[in-house]
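The values are calculated or read from the model by the stated rules, or taken from the named source; none is laboratory data. Note that this is a predicted model, so its numbers are computed, not measured. We place every Cβ from the backbone using ideal geometry, glycine too, and count neighbours over all the protein chains shown. Accessible surface is based on the protein model in full, side chains and every heavy atom, while ligands, DNA and RNA are left aside. Shrake-Rupley method; radii C 1.70, N 1.55, O 1.52, S 1.80 Å.
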Amino acid sequence: MVQKENVLLLLTVFGVVCGTVLGVVMRDSENPMSRKHLAYLRFPGDVFVQMLKMLILPLILSSIITSLSSVDSGTAGKLGVISLAFYFTTTMSAVILGIILVVLIQPGTWVVTDIEAALGETKKTPPCISNAVDTVLDLVKSLFPENLVEATFRSEKVCMKFLNGSVLVDPEIVMKMSVAERAIFEEVPEKVRSDSLNILGLVMFSVALGITIGWIGEEGRALRAFFRSLEACSMKLIGLVIWVSPIGITFLIAAQIVGMKDPGKELQRLLGYMITVLLGLFIHGFIILPLIMVVLARKNPIKYVYGMAQALLTALATSSSSATLPLSIKCCEENNGIDPRVTRFVLPLGATINMDGTALYEAVAAIYIAQCVGLNLSLGQIILVSLTATLASIGAAGIPQAGIVTMIMVLIAIGLPSNLFILIYPIDFFLDRIRTTVNVHGDSIGAAVVARLCEKYLQEGAVEIEVKQPEGYQVLSQTASPDPSKKLTVAVNNHHDANSHML
């Protein structure tokens with residue numbers, strides 16, 4: 001008998017194939033589809049993405065709080081330290097790999113790029129002008145939102161305005177200037193608010209509240225039970241929503257293919273760049289990350305990736321690590337048997353700060369653009385690219401094509417005009433999907449590694465809490481499902497069972 005999970009996986013693959021075929025069949029280069037009709041074609045996919053995003057907020061709050069309230073504060077601290085160390089290490093390795101490849105392959109010298117023609121291909125919209133220091137400060141401020149309710153629908157960042165005396169300089173003009181040329185103007189920081197989740201602030205609040213609930217003991221039991229119930233309901237809703245994914249993925253891919261302007265021309269100009277990025281993502285995703293899993297997590301990477309297939313395909317279709325987060329948690333727990341206390345802390349954190357694919361892409365893109373305009377970067381500038389790309393990827397929101405915004409910061413860091421990002425913009429939609437898939441892949445492997453390294457601490461933390469609360473307890477096995485109907489209630493004298501993990 002075919003399992004339900006396998007049926008869903010087959011339907012998702014079928015959706016990818018159908019979307020590709022439908023896009024190719026409906027595409028007409030002579031009579032391109034209007035934006036209005038493209039929106040109609042994409043509508044089922046947009047609904048699917050919105051359904052996933054709808055569940056992000058309750059999932060982040062409930063999963064992190066439940067996970068950390070179920071372990072002692074010492075264990076929670078170890079989870080955080082190991083997770084951050086893993087994410088920083090893999091992100092830096094991805095950046096270094098990308099820099100090595102783009103310096104060796106030199107894709108920017110393969111063909112002569114007509115800069116003026118390329119800059120006229122896309123409508124230029126002034127992005128936020130920022131630098132590495134501002135990004136770090138924004139990250140720190142984002143950790144502590146002044147209004148928690150506002151953080152659920154609005155985020156804030158600092159952008160620079162440039163004044164010539166008392167006259168505001170047009171951002172379009174500033175973008176074309178080098179850092180030295182901008183020095184003649186007065187830089188004035190300006191707060192810019194956007195309608196999006198401040199995920200980093202919500203994660204920080206959830207971590208603090210979860211640790212506090214576990215710390216106060218008996219007084220926090222009611223709050224812990226509430227968030228555990230909210231988490232179970234959220235996961236049940238996710239289980240229903242994912243059955244819409246094959247339909248949503250079909251129309252998302254079809255609309256993207258139909259909307260392409262001239263894929264042949266852009267492919268010829270950007271072939272070397274595509275090869276470099278894809279080669280880097282392939283090496284990182286199929287060699288470096290699986291090697292880390294074998295060494296540190298002692299798991300079969302092929303079997304593990306198969307268990308994550310549903311989440312990876314969704315990341316490929318939606319190009320959003322945040323929208324894929326619910327499926328990532330479900331696949332890690334149900335298919336790969338990762339401790340829920342780990343997945344529901346590590347994965348939301350990873351969706352916020354761990355962007356291996358994005359970091360590699362930003363490093364390659366910045367150096368590629370420098371090669372296109374004939375700028376030979378010094379060793380110091382290359383090191384600056386590596387550090388800035390790492391910081392920029394951490395600041396990248398888990399939304400489609402957010403990497404373009406943060407890559408502008410890398411261009412500014414090495415003294416290139418910000419609007420040169422348009423050189424790679426025509427194929428960013430495709431590479432965005434690939435690097436998002438690598439991001440999600442890296443998050444899931446991080447969960448497996450942290451679970452393995454913290455296995456001893458998690459068992460100790462579970463015993464401590466169960467002794468404090470001896471009245472009937474809920475445990476999850478290594479292959480547990482977040483579905484409450486699959487949980488088992490055991491007596492107190494069974495709490496030493498080495499094959500179970502307490503939630």
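The listed residues Glu334, Glu362, Glu455 rank as Glu455, Glu334, Glu362 when sorted by accessible area, largest first, using a 1.4 Å probe. Start at zero, step by 5 Å, and the Cα-Cα distances of the range 284-325 spread as 6, 23, 23, 22, 19, 8, 1 percent across the bins. Taking the 1.4 Å solvent-accessible surface of the range 190-310 as the whole, the part contributed by carbon and sulfur is 71%. Across the range 156-167, rounded Karplus estimates of 3J(HN,Hα) from the backbone phi angles (6.51 cos²θ - 1.76 cosθ + 1.60, θ = phi - 60°) give 9, 8, 9, 10, 9, 9, 10, 10, 9, x, 10, 9 Hz, Gly and Pro being marked x.
Calculated FRET efficiency, Arg193 to Arg221, Cβ-Cβ distance, R0 = 51 Å: about 0.85 to the nearest 0.05. Each of the peptides 84-94, 315-325, 293-303 was scored by the mean count of other Cβ atoms within 10 Å over its residues; in descending order, highest first, they stand as 315-325, 84-94, 293-303.
Among the listed pairs Lys141/Lys191; Lys53/Lys236; Lys53/Lys157; Lys78/Lys303, those with a Cα-Cα distance over 18 Å are Lys53/Lys157; Lys78/Lys303. Summarising the label geometry, the points placed 7 Å from Cα in the beta-carbon direction at Gln50 and Leu291 lie 4.5 nm from one another. If you plug the beta carbon distance of Leu57 and Leu271 into 1/(1 + (r/R0)^6) with R0 = 45 Å, you get a FRET efficiency near 0.65.
Gain on full extension, evaluated as 0.36 nm per residue between Ser29 and Leu10 minus their Cα-Cα distance, stands at 3.7 nm.
Computed from label points 7 Å out along Cα-Cβ, the spacing between Ile184 and Leu168 is 2.2 nm. The simple Förster model, with R0 at 41 Å and r as the Cβ-Cβ distance, assigns Glu146 and Glu455 a FRET efficiency of 0.60. With Rh defined as the Kirkwood radius, the inverse of the mean 1/r over Cα pairs, the Rg/Rh of the range 28-77 is 1.44. Stretching the chain fully between Val17 and Leu38 yields a gain of 5.7 nm (0.36 nm per residue, less the alpha carbon separation). The solvent-accessible area of Val103, taken with every protein chain present and a 1.4 Å probe, is close to 60 Å².
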